[in-house]
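Read the structure below first, then the notes.
The values are calculated or read from the model by the stated rules, or taken from the named source; none is laboratory data. No experiment lies behind these values; they were computed from the predicted model shown. With ideal geometry, Cβ positions are generated from the backbone for all residues, glycine too; neighbour counts draw on all protein chains shown. With ligands, DNA and RNA removed, areas are computed over all heavy atoms of the protein, side chains included. Shrake-Rupley method; radii C 1.70, N 1.55, O 1.52, S 1.80 Å.
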Amino acid sequence: MANFRSIYKIQVFLTILIHLTVALYEDQVGKFDWKRSFVGKVKFVSFEAKRIIVATEENVLATLNLNNGDIQWRQILEDPSNYQLELLHVNKDILTVSGVRNNWLVRTWNINTGTLLAEWVINAERTVPSAFTIINGKILHLVPITGSHLEITTYSFIDHENGVLKGVTRIVSAPWLTNISNCVFAGLHYVCVGSNQLHFINLDQENSKFITKPLDTFIESEAGKIILIEYKHKTPSFLMLSNNIAKLASIVDENIVIKPFDLMPNAVNVVGNGKDLIYQLEANDNKEKLIRIKVKDFQTGADEFSVDLDYPLGLGAPIILGAQNRGSSSDLLLSTTDNALLLVRLPEAKILWSREEALSNIVATEFFELPISELDASIEHEFDNENDIFGMFSHRISTQINQFYNLVFGNKLLQNSGLVRDEFGLHKIIVVATRAGKLFALDTLSGSIAWSYRLPNIQPFLGLNGQEQMLLYVQRTAQFAPLPAHCILLAQDTITGNGILFEFDPITGYSDKGIQKLPYRISQATLLLQHDKNFLKPLLVLSQDNELYAYPRDAVSVIKDHFSTIFLYTANSETAILTGFTLKYSTENQMVVKKSWDIDLKPSKIVALGVKPQNEQVHSQGKVLYDRSVYYKYVNPNLLAVATISPDPMHHNVLSIYLIDGVTGLVVYGTSHKRAKGPVHLVHSENWLVYSYFNERFRRTELAALELYEGHLQSNSTAFSSFAVSQLPHIQSQSYILPLVPLKMAVTLTERGITNKFLLVAMSSGAVLEIPWLLLQPRFENMPCGPEESCIPYMPEIPMHPEAIINYNQTLGRIRGIEVAPARLESTSHILVHGLDIFYTRVAPSKTFDVLKEDFDHKLIVLVLSALIIATFVTKKLAARKALKQAWK
Amino acid sequence: MNWTAIICILISYLPCHTFSLEHDGSAIIHLQHALTGGPDPQFKDRGKITVNSLRIGQAIVDQKPLAEADRKLIQKLARENDLYRIQATVIANDGSKKTFLSSVKACMLAEAELDDRLSLSFDYLGHIIGVSLVIASKSSCEGSDVPLEKLKEFTTNVYVRHTDTATIPDTASYIEKIERERDAKEKGDVKDNKSFLAKYWMYILPVVILMVISSATNPEAQGGGQ
């Protein structure tokens, strides 16, 4: 009986929660969500019959289908900032070596399923960059000791203790050795280039020594610096690159033989059909086909054949990663500077497939509403020339005829381009900037790439905790037809570190100015709310020397009346100082920023900063209490949340959270957690803040919620001013145990803010959980809490329901961000989760209260209604007839 | 020499929040203000604030009445809707020195008749993190003309503000609550150990009455029909 009761209790509890969460039905899978998977920039590749095995810089091992490039299986190894794959060797199984400095993991994988077969550890003593190779089924680890010798450690898989491989080290004298990057493997040999000398050693022989050959005997002395490049061939060979011309060298009987012909540095060898061929890429004069694949004979260097490749525009320069011969045809795998992966099938030089691996690392995201259709736009132009009545009349007639035509025959325009705004704003364009410096526009309906634009030599800014980000600003949305939408990307130049500004139309990807290099380093940027005559919102960019620039440049005339209400702030993670600036003393001719406040958080370290979403709407100004009184929210749009960690001798680490007004610098509130450490994730919205941290005392992740109220009286209901402080807000707080490890947190955003809020938490397991804000909202002390007050009684542990996972069974690899945007439908938010995978879905925290259900039966209701109407008339007739008959009786 | 001592008692917003300060300390704050306005103001001495005990939050404010010229300058700042800026140099008891800048609208200061509040924020160890000047007001202004006689002297309230100790997940009271509910349930079960009729008589009775009435009326209706 007691058992039954507890089940009943859980059941009731679940029912309450399921009412709050919106689970997905099985037939809805993939209906409005999509997922794209990536592997990252490819580092090593190996062709195996019908599949390609790749090891990437994202520390991912995967196999791709040779014919379509799909991922067959993917193994995500450790964090790439700590571990890197150093060796990929495919024999019967796949063998990888990954690690960093002196800790290495040797693993073998099943080729078909990708399951881990065995794992060993190598603990080396030296921490210098080193190299691995496999010879005769043994791992050789080569560690250079600068100016002295080379340590060669041989590990065999039989000799291990508790999974730690034990090696046998031998020392080879190499006093000329400086850096491992001057050396390459050539079959069983290891070749290094020193000053004017070439050294090589046979690794297969015991007690072998470096053999030294002077360089000038085979290369002209004025050749300059020589770089060695690996070249895989059955005779130990390598490429010697000088002045961008590569020479093929082979080691034959302890001698180096140089082939008499020149090669490109990206040459690879393919053996097949009894021929030994060299494949290389060359630039082509033909503007239509930019790349030429040239095939040479290995022995003579004579041109076998060459073919022009129809290389897609917009991709960066390619290099050959690998090649294989398959009888009559051969396959080349190319990698481009923008991390794309292409498979080219020869001899017809057809690109079988391409993968945009740049999307595996997104650093900025923005959602864009699509423009209205031309027809709708033409309706809006009816009153453009108001004096011409006949013109207006004919315009209206023609548009209405068009409308009628579309109604009857379907909208052709919509079918043609597809990128037209829909009724509910569910179809959007997501513009993403990637770490590789390539912009993509993704269609929310299908996940397909609408356009892409490559920006060479740009890199993201380094934010707090080493988080990389670029900045995207929407200067003009697509609402202002016929003016196109306008967007700005801010990034950094890889060479100078100065700012890069790129203006473009987010719908088409067209940019009329191209990349603009700014003559300064960017420190802060902000988009203003006022717009100029072209409906462009001005962007203010603050340089590191505190100079201010406005884009577009003539926007100063628009904002000149608002200088006294524009404030900026910067947070310096190194000095832990927050500084506020005012634009008050600017004039139309010269904008000046002057410091107006500062906060010094030393000796703590700033670990996170939370600002409210700029486009957030707060619908309800207060909370109705149980006694029907209103408790007003403290909604300060200028409020910043800052999280700091300070090392403490007694409490290990102390996490402090400060709420700071961004205009006056007033510390509105401060709180501290002892024995708590990062990573800290902040979510700041409306009048509340939620943050997660790791509690060192209880060794668990905790979540704390802060809510700010003005009290029973609202100080100023019409306009909020940070300067007018009549009273400090009242703080409610409550904390919870989070039974998961969060990677990122975000909050849903809707058009008007009426819909309930959901917290989205990306877990380390690859799932994204939605937690209703109601569950976290701090409860008032000494006040009843129940369904009548729309309050869920306090539970210290946040329940994790499988129904609340928005990506259901689609695990997402290494989540780096969650982006949220409102749809025009109040109930719905767009969600984009990105990392190694990209996952898009829509969530409706209060269910889709403003649209009919998908399975709503329109036909049935029409049928029932018409049947009822018919029945009414028939019965009326029948009743009249009956009455007539009765009257005659 | 005019000594004003104002003791500020901190109002803790909720009784459950306790302020934490590991070690008590003191701080001396040298205040400078800018009365000239403009982008590059000149700072001059305004006064000194001594906080003897951070834990108690007691502050001694030492400020001289304003000179005639300074009052005129403040009036001018207020009229031109300029900013009134202060620079606070805080010397902690370990001798470390930090300087903070804070700005308010000069017209708000003048309208409040130089009644300002100084918020000193400390971290959990008692290190100062920010000094902010605040004017208690419900609205901001865009320049105002305040007569000189209202601008005599600063009446500064000093608020020493610490960080709260954050709440921790309240598992104990939750378990207590669950146990209480369970106990209540069990007790409730004992009470409910009555017979079926005793428990549900209120549902059974109307049904019985209905049946009685219908059986009483039915024969009549049948008879009427015949």
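A few points about this structure:
- Figure note: A:ILE278, B:ILE91 ranked by solvent-accessible area, largest first, 1.4 Å probe, ligands and nucleic acids not counted: B:ILE91, A:ILE278.
- Average other protein chain Cβ within 10 Å of Cβ, residues A:599-605: 5
- Pairs over the 25 Å Cα-Cα cut-off, from the set A:LYS294/A:LYS513; A:LYS43/A:LYS232; B:LYS48/B:LYS152; A:LYS674/B:LYS138: A:LYS294/A:LYS513; A:LYS674/B:LYS138.
- Accessible-area loss of 40 Å² or more (1.4 Å probe, protein heavy atoms, chain alone versus all protein chains) is found in region B:104-146 for B:TYR124, B:ILE129, B:SER132, B:VAL134, B:LYS138.
- Annotation: lysines with alpha-carbon distance below 19 angstrom to A:LYS35 (same-chain offsets under eight excluded): A:LYS428, A:LYS744.
- Within the accessible area of the protein assembly as shown (1.4 Å probe), percent carbon and sulfur: 54
- Straight-distance candidates among the aspartates and glutamates for linking to B:LYS187, with alpha-carbon spacing under 17 Å and chain neighbours fewer than 8 residues away dropped: B:GLU176, B:GLU179.
- Mean separation of Cα contacts under 8 Å (6+ apart) over length of region B:4-161, as relative contact order %: 26
- Computed over protein heavy atoms with a 1.4 Å probe, the accessible surface of chain A works out to 47 Å² per residue.
- The accessible area of A:TYR549, taken with all protein chains in place and a 1.4 Å probe, comes to roughly 60 Å².
- Within chain A, longest stretch free of exposed GluC sites (Glu not before Pro) [DSSP loop, at most 11 other beta carbons within 10 Å]: A:589-780
- Between 0 and 90°, nearest 10: helix A:389-409 axis offset from chain A longest Cα axis: 70
- Nearest-ten-degree value, helix A:2-20 long axis tilted from longest Cα axis of chain A: 90
- Mean Cα-pair separation over length for region A:546-661, i.e. relative contact order, pairs under 8 Å, 6 or more apart, %: 18
- Altogether, the Stokes-Einstein calculation at 37 °C and 0.692 mPa s, with the Kirkwood radius of region A:269-358 over Cα pairs as Rh, returns a diffusion coefficient of 246 µm²/s.
- Violating pairs (Cα-Cα greater than 28 angstrom) within the set A:LYS92/A:LYS296; A:LYS138/A:LYS259; A:LYS225/A:LYS438; A:LYS259/A:LYS289; B:LYS44/B:LYS97; A:LYS138/A:LYS209: A:LYS92/A:LYS296; A:LYS138/A:LYS259; A:LYS225/A:LYS438; A:LYS259/A:LYS289
- In terms of overall dimensions, the C-alpha atoms belonging to region A:621-746 reach 45, 34, 26 Å along their principal axes, ordered largest to smallest.
- Cα point-scatterer Debye curve for region A:679-752, base-10 log of I(q)/I(0) at q = 0.13, 0.16, 0.23 Å⁻¹: -0.54, -0.73, -1.06
- Heavy-atom accessible area order for A:SER715, B:SER102, largest first, 1.4 Å probe: A:SER715, B:SER102
- Region A:131-265, Cα convex hull volume normalised per residue, Å³: 110
- Sequence-distant residues sharing a close amide H with A:LYS350 (under 5 Å, placed H): A:ARG345
- Protein-only accessible surface at a 1.4 angstrom probe places the residues A:TRP888, A:TRP73 in the order A:TRP888, A:TRP73, largest first.
- Shielding by other protein chains, A:563-569, mean Cβ within 10 Å: 1
- Computed over region B:4-161, the P(r) curve from all C-alpha pair distances, binned at 5 Å from the origin, holds 2, 9, 18, 22, 19, 13, 10, 5, 2, 0 percent per bin.
- Interface residues, region A:650-681 - accessible area loss of 40 Å² or more versus chain alone, probe 1.4 Å: A:TYR658, A:LEU666, A:VAL667, A:TYR669, A:SER672, A:LYS674
- Loop-located trypsin sites (Lys or Arg not before Pro) in region A:20-80 (DSSP state other than H, G, I, E, B) with a sparse environment of at most 12 neighbouring Cβ atoms within 10 Å: A:LYS31, A:LYS50.
- Only DSSP H runs of four or more residues enter the estimate; each adds -39500 (n - 2.57), and after division by the residues of chain A the mean residue ellipticity at 222 nm equals -3500 deg cm²/dmol.
- Peptide A:802-815, shielding by other chains (average Cβ, 10 Å cutoff): 0
- Farthest toward the positive end of the dipole of chain A, out of A:ILE507, A:ASN615, A:TRP451, is the Cα of A:ASN615, where the dipole comes from beta carbon charges about the Cα centre.
- For chain A, the spread of Cα coordinates along the three principal axes comes to 121, 81, 78 Å, biggest extent given first.
- Surface accessible to a 1.4 Å probe, A:ARG345 within the full protein complex, Å²: 40
- Tensor-based shape of region A:430-564 (alpha-carbon gyration tensor, a/c under 1.5 rounded, otherwise prolate or oblate): oblate
- Computed from Cα atoms, the angle from the helix A:858-888 axis to the main principal axis of chain A rounds to 30 degrees.
- Share of pairwise Cα separations in region A:746-889, more than 27 Å, in percent: 48
- Residues of region A:759-799 buried by at least 50 Å² on assembly (accessible area, 1.4 Å probe, chain alone as reference): A:TYR794, A:PRO796
- The A-B contact accounts for roughly 4500 square angstrom of buried accessible surface, both chains included, probe 1.4 angstrom.
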